[in-house]
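Input: a single structure, listed below in structure tokens.
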Amino acid sequence: MPNKKVIDILPPKELAISLKKGILKEVVQVKEIPRKKIGKGKKGLIFSLFFLILLGAVCYFTLPKAEIDLWPETEISSLEATLTINKEIKEADVSAKVIPAQIFQKEKTLIEAFPSSGKVLKEEKAKGILTVYNAYSTSPQVLVATTRFVSADGKVFRTPVMVTIPGGKYEGGELIPGEINIEVVADQAGPEYNIGRSIFSIPGFAGTDKYTKFYGRSFDAMTGGLREEKAAVTKDDLSKAEDSLTKQAQKECQDLLKSELQTEAISSKFDYFLDEFKTEIIEKFSLATVGEETEEFKFQTKATCQTLIFQKEDLHNFAKESIIQQSPQGYKLYEKSLKIDYSPQTINLDSGIATLSLSFSAKIYSEIDENNLKSALSEKSLLEAKLFLENQPKVTKVNVKFWPFWVSKAPEDFNKIKIEIRID
């Protein structure tokens, strides 16, 4: 293996000159020696340590805070009062002991069919068309109204109006009878007059030559004759229907009112008198009349039901303000402890006014000046802060926490001292 020559690394110009002169016979490539790199694991560790140090510094200087829970002494304040609710007023007045009321009303309309119990005899006379012939002469013949026509089986029918039978005419020496179609009505009601085709004579012409020359003929059956009992509405039917539907409408209207009052939309905002309401029937009528022939008839009623409602917030505010007004100066009311009981004394739904007998109570406590406490607690140790707070007048219990765990003194910044008033 031939020996390689090691030459100095020359600058580019000198290298080029040397090549021209033939001085360099062989060029040796020289590689740059890489620098040692720091491992990724070590970089991550360094970064984490740096971040923790920075985070600790931030926490130390910006996050220290004190959380203090105070339980002040409390006492029960109780009151009784008479409160008026009135639909005519718009705003509550604590001094006048009156709050607004509203009329809450619902309507219910009922329509129901009832059977008819009455009976009526329905009678109809049969009717039909007769062709009446004049085979007597060429002269017309007048028949007065109610002229009788008698069928072959003896059934009597009459003309309701006056009629004139035209005269006949001769053709080839033979008399062709005149004729006319007329309506006739049975003399009596009943189905027995619904007879078929028949020949009819006119008894008024009996004993004369006209009797056989004037006659009638029916080419269709007589119809409409009727005699039967039909159901009909009686006065008692209407009275019973009215009484039944009135009670039903009142009950259903009251049930509807109660149901609506107990919905979330109403009960969450309003108090009301569930058993105190006014119900009226404002409309009632029958769609049939006494004696009307029908198997059943319809009766309709409309009822209204109303009561007084008032806002829970108004009652709550009245009780709250009443207790605050009678509490010693410097005392605060703990609203969550407020209890209210009431019962109606008088209710007048016509005027929209009611009076309530109220009894209410709540816990009250002496107001604490939080700014003065924060000023006094600034830079106190945990023990000092606790002892200081426990010796405050009308404080029954305290709980002091510093955060983070390494903080040894209450922050100087008042905004970092949080005081919570606790009421058991």
J(HN,Hα) series, segment 402-409, from Karplus relation 6.51 cos²θ - 1.76 cosθ + 1.60, nearest Hz, glycine and proline x
9, 9, x, 5, 7, 5, 10, 9
Can you compute 3J(HN,Hα) from phi for each residue in segment 202-210, using the Karplus curve 6.51 cos²θ - 1.76 cosθ + 1.60 with θ = phi - 60°, rounded to whole Hz and x for Gly and Pro?
10, x, x, 9, 4, x, 10, 5, 5
In the structure displayed, which of K87/K312; K269/K336; K87/K108 lie more than 19 Å apart, Cα to Cα?
K87/K108
Comparing I281, I324, I182, which has the greatest mean-square fluctuation in the GNM of the chain with Cα pairs linked when under 10 Å apart?
I182
Per residue, what volume in Å³ does the Cα convex hull of segment 122-228 take up?
87
Beyond 39 Å, how much of the Cα-Cα pair distribution for the chain remains, as a whole percent?
69
Using DSSP to define loop residues, name the GluC sites (Glu not before Pro) in segment 333-409 whose beta-carbon has at most 13 other beta-carbon atoms within 10 Å.
E367, E379
Output ³J(HN,Hα) for segment 173-183: one whole-Hz value per residue in order, computed from phi by the Karplus curve 6.51 cos²θ - 1.76 cosθ + 1.60 with θ = phi - 60°, and x for Gly and Pro.
x, 10, 7, 8, x, x, 8, 7, 8, 10, 8
What FRET efficiency do you get for L382 and S327 if R0 is 25 Å and r is their Cβ-Cβ distance, rounded to the nearest 0.05?
0.15
Under 14 Å Cα-Cα from K230, which aspartates and glutamates qualify once same-chain neighbours fewer than 8 residues away are excluded?
E123, E124, E292, E293, E295, E296
With at most 15 other Cβ atoms within 10 Å, longest stretch of the chain clear of loop trypsin sites (Lys or Arg not before Pro) (DSSP):
270-393
If amide hydrogens are placed 1.01 Å from N in the peptide plane, which non-local residues have theirs closer than 5 Å to the one on S116?
E296, F297
MRE, 222 nm, helices only [DSSP H, n ≥ 4, -39500 (n - 2.57), over the chain, to nearest 500]
-7500 deg cm²/dmol
Do any of K235/K284; K127/K235; K258/K278; K90/K332 go past 22 Å between their Cα atoms, and which?
K127/K235; K90/K332
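Every number here is computed from the coordinates shown, using simple stated rules; none is lab data. Computed from a prediction, not measured in an experiment: that's the story for all the values here. FYI the Cβ positions are ideal-geometry reconstructions off the backbone, even for glycines, and counts take in every protein chain you see.
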